[in-house]
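Data first, discussion second: the structure below is written as C-alpha cells.
The values are calculated or read from the model by the stated rules, or taken from the named source; none is laboratory data. Note that the structure is a prediction, hence the values are computed from the model and not measured. Cβ: placed from backbone, ideal geometry, glycine included. Neighbour counts: every protein chain shown.
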Amino acid sequence: MAEARPVIEMRDIHKSFFNVQVLKGVSFDLYPGEIHALMGENGAGKSTLIKILTGIYKKDRGSIFYKGKETVFNNPKDAERAGLSIIHQELNNIPYMSVAENFFLGNPLTRGKTPLIDMKKMIEETKRALDALGVELDPEKPMIECSVGEQQMVEIARAIARKSEVIIMDEPTSALTDREIETLFNVILELKKQGIGFIYISHRMEEIFRISDRVTVMRDGQWIGTMKTKETSFDEVIRMMVGRKLGERFPKRTAVPGEVRLRVENLSAGRVKGIHFTVKRGEILGVAGLMGSGRTEIMQALFGAVKGAKGTVYLDGRPVQIKNPADAIKNGIGFVTEDRKGQGLVLDMSVRENLTLPNLKKISAKSLVVKKKELQFVDRLISLLRIKTSGREQNVKSLSGGNQQKVVLGKWIGIEPKLLILDEPTRGVDVGAKKEIYEIMNKLTEKGVSIIMVSSELPEILGMSDRIMVIHEGKIAAVFPREEATQEKIMTAATGGKV
C-alpha cells in the first residue's frame with residue numbers, strides 16, 4: 001500500500017428499499033495501489049454498496065470519506081470527475097454507434113473551440129487505448145457487431161483512459177478469454193504500481209486469489225469479514241459467503257452416457273466450416289476455445305438462429321430440418337444463450353411470463369392459456385430450481401443474476417428437452433448458485449437429457465464435462481475424453497497447437 005490513509009473509507013452504511021433493509025452497517029476501505037476484492041453471493045449487497053459510493057443511490061445512514069474528506073457524490077458523473085470510474089457488469093453502450101463513439105460517449109472530442117465532433121481524433125485515441133490492452137478491434141465497427149468480450153474490453157479501456165485514482169470493476173472478466181484476462185491483469189498490476197486503487201468484484205475464485213491484496217466478504221447485506229488474501233483460503237471465503245461449507249466445487253458426475261442422441265455432419269455457417277460431432281444421451285459435451293473461435297456460432301447454427309447455415313442434423317437417429325429456433329424447440333432442443341439479459345430474458349416481464357414463453361402450447365387449450373395449468377407449471381419450475389423470488393409476478397429484472405439464470409434454465413427445462421445447449425451457463429453467477437446449476441445439469445442428464453456446455457472457464461469445462469471438444473478458427477481442433485483432458489492440452493488445441 002502506497003500510504004497509511006485509505007483513498008476510500010465507508011463506515012457503517014445502511015440502506016433500505018420499501019422497508020426492506022438491504023445494507024446493515026457495512027464498512028469498507030480501499031488504499032491507493034491496492035486491489036481489494038469485494039465478494040458475496042448475488043443479493044449480498046455488493047452492488048448496492050458500490051452504487052451508494054458512486055452516487056447512484058443515497059445512503060440512509062453512515063459516512064463516506066474520499067481521500068480523507070467526508071464526501072457525498074450526487075451522481076456517477078460527480079464520482080467520475082472526482083476520479084472514480086466504474087465498469088458495470090451490465091455493459092453500458094449504444095448498440096448502433098461505433099466503438100469510438102461509445103468510447104467517448106458523453107465526452108466527445110471536438111475540433112478546436114468549435115462544437116464539431118472530431119471523429120478522426122476520436123478513432124485514433126480509441127485505437128491507442130485498445131492497443132494498450134492488446135485488443136485488435138476496429139474503432140469504426142458498430143458496437144452491436146462486437147462480441148460480449150469485445151464490448152467488455154472497450155469498457156475497460158475507457159475506464160483506464162480516464163486516468164482514475166479508483167477503478168471499480170464488477171465482473172470485468174466474465175466475458176473474456178484467458179488471453180484477454182492475462183492482458184487485463186497485466187494492465188491492472190501496472191496501474192497498481194502507479195498508485196491506482198481497484199475495487200474488484202468477481203465470482204471467479206481463482207482470479208481473487210491471484211490478483212487481490214485483501215478480500216472483504218458480505219452476506220445478507222452485512223459485513224462478514226476482511227482478510228489479507230494470502231492469509232485466507234478458498235474454503236474459508238466460500239464458508240463466509242454462504243454461511244456453510246459448500247462441499248466439492250463440482251458435483252460428481254452420476255449419469256452414464258448412453259446411445260448417440262445428436263449427430264451433426266458437415267455443419268457450416270459463416271466462418272464455421274465442416275463441423276462433425278456427436279452427443280450421447282445423458283452426456284455433457286464441453287465446448288472450449290478462445291473467444292471468436294466459433295463456439296457460439298456453431299450453437300446458433302444448430303439451433304436455427306443463423307441464416308444460411310448448412311449441414312445435416314440427426315436426432316435419435318432420424319434427420320431433422322432446423323431452419324429456425326421454432327423448428328429446434330419443436331424437436332426438443334433448448335438454448336441458454338451467453339447474454340441472458342439481451343437474449344435470454346424479457347426484462348420487463350414477470351418470472352411467470354418468462355418461464356411460459358416457449359411453453360405456451362403446453363399450458364393452453366384451443367389457443368387460450370389455461371390459468372390453472374399455467375400456475376401449476378410455473379410453481380413447479382420455481383420449486384424445482386429453487387428460484388428465490390417474492391412471487392410469480394416479480395419482475396425478472398429485479399432478481400439476482402443467479403436467479404435470472406435459473407429462470408432462463410427453467411423456461412427451457414419446461415419444454416422437456418432432449419438436448420439442452422448451455423452457452424456460458426454460470427457467467428456472473430456466485431459460487432452457491434453455480435453449484436446449484438451444476439446439480440441441475442446432473443439431474444437432467446440422469447433423466448437422459450443431452451447437454452452441450454460452452455464455457456470460457458476451464459475448471460468448469462474439466463469439472464463438468466464427459467468429453468471436451470475444442471474449437472479453433474471455426475473448426476474442431478481436438479476432442480478429449482474427460483480423463484485425458486488437462487488445461488494445458490485444451491489451451492494448446494485452442495491456440496492452434498498440436499496435441
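Descriptive notes on the structure:
- Checklist (1) closer than 21 Å to G45 by Cα; (2) outside any loop (DSSP other than H, G, I, E, B) applied to I188, failing item: (1)
- Residue within region 138-151 that is of a type in the set (S, T, N, Q) and either touching a Lys or Arg at 6+ places or on another chain (Cβ under 7 Å) or under 27 Å from M119 (Cα atoms) (or both) present: yes
- Residues located in region 51-79, provided they are closer than 18 Å to F198 by Cα, part of a helix (DSSP H, G or I) and not aliphatic (A, V, I, L, M): K51, P76
- Pair list, Cβ under 6 Å, 6 or more apart: region 205-225 residue among the aromatic types (F, W, Y), other residue in a strand (DSSP E or B) and surrounded by fewer than 19 Cβ atoms within 10 Å (Cβ to Cβ): W223/S27
- Residue within region 59-71 that is touching a residue at least 12 places away in the same chain (Cβ under 8 Å), closer than 24 Å to A157 by Cα and surrounded by fewer than 17 Cβ atoms within 10 Å (Cβ to Cβ) present: no
- Identity of the residue in region 470-494, surrounded by fewer than 16 Cβ atoms within 10 Å (Cβ to Cβ) and of a type in the set (S, T, N, Q), that ends up farthest from E297 (Cα to Cα): T486
For every residue, the table says whether it meets (1) modelled with pLDDT of 90 or more; (2) on the phi < 0 side of the Ramachandran plot.
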residue	(1), (2)
K341	no, yes
V346	no, yes
N359	no, yes
I363	no, yes
L375	yes, yes
G391	no, no
R427	no, yes
D430	no, yes
I437	no, yes
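- Taking region 72-88 as the range and being among the hydroxyl-bearing types (S, T, Y) and surrounded by fewer than 17 Cβ atoms within 10 Å (Cβ to Cβ) as the test, no residue passes.
- Of all residues in region 80-92, those satisfying the criterion of being in a loop (DSSP other than H, G, I, E, B) and among the polar types (S, T, N, Q) are Q89, N92.
- Note on region 199-215: residues that are assigned to a strand (DSSP E or B) and aromatic (F, W, Y) amount to 1.
- Top-ranked residue of region 221-237 - restricted to ones that are of a type in the set (V, I, T) and part of a strand (DSSP E or B), ranked as nearest to P32 (Cα to Cα): T226
- Residue ranges of helices (runs of 4 or more DSSP H) in region 328-433 with at least 2 members farther than 30 Å from G45 by Cβ and not assigned by TED's automatic domain parsing to the domain that holds V148: 371-385
Listed here are the residues, each with its yes/no results for (1) touching a residue at least 40 places away in the same chain (Cβ under 8 Å); (2) acidic (D, E); (3) outside the structural domain of D466 (by TED's automatic domain parsing); (4) over 30 Å from E41 (Cβ atoms).
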{"residue": "E236", "(1), (2), (3), (4)": "no, yes, yes, no"}
{"residue": "E248", "(1), (2), (3), (4)": "no, yes, yes, no"}
{"residue": "P251", "(1), (2), (3), (4)": "yes, no, yes, no"}
{"residue": "A255", "(1), (2), (3), (4)": "yes, no, yes, no"}
{"residue": "V272", "(1), (2), (3), (4)": "yes, no, no, yes"}
{"residue": "Q300", "(1), (2), (3), (4)": "no, no, no, yes"}
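- Looking only at region 377-387, and only at residues there that are at pLDDT 85 or above and under 25 Å from V22 (Cα atoms), the one that is surrounded by the fewest Cβ atoms within 10 Å (Cβ to Cβ): S383
- Residue count for region 469-486 satisfying the condition of being within 21 Å of the chain's Cα centre (by Cα) and more than 22 Å from S268 (Cβ to Cβ): 0.
- Residue that is touching a Leu at 6+ places or on another chain (Cβ under 7 Å) and outside the structural domain of D339 (by TED's automatic domain parsing), where the choices are I64, I123, I56: I64
The rows are residues; the columns are (1) more than 27 Å from T426 (Cα to Cα); (2) of a type in the set (S, T, Y); (3) modelled with pLDDT under 80.
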| position | (1), (2), (3) |
| --- | --- |
| K141 | yes, no, no |
| E145 | no, no, no |
| E150 | no, no, no |
| E165 | yes, no, no |
| E171 | no, no, no |
| S174 | no, yes, yes |
| E182 | no, no, no |
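- From the list G463, G432, G414, the one residue that fits, being surrounded by fewer than 23 Cβ atoms within 10 Å (Cβ to Cβ), over 21 Å from the mean Cα position of the chain (by Cα) and not polar (S, T, N, Q), is G414.
- Looking across M240, M218, one residue alone is at pLDDT 85 or above, assigned to a strand (DSSP E or B) and either among the charged types (D, E, K, R) or under 23 Å from D29 (Cβ atoms) (or both). It is M218.
- L30 meets each of the listed conditions (1) in contact with a Pro (Cβ under 8 Å, 6 or more places away or on another chain); (2) among the hydrophobic types (A, V, I, L, M, F, W, C); (3) without any contact (Cβ under 8 Å) to a residue 60 or more places away in the chain apart from (3).
- Selection within region 191-215: residues that are charged (D, E, K, R) and modelled with pLDDT under 85. The member of this set that is surrounded by the most Cβ atoms within 10 Å (Cβ to Cβ) is R204.
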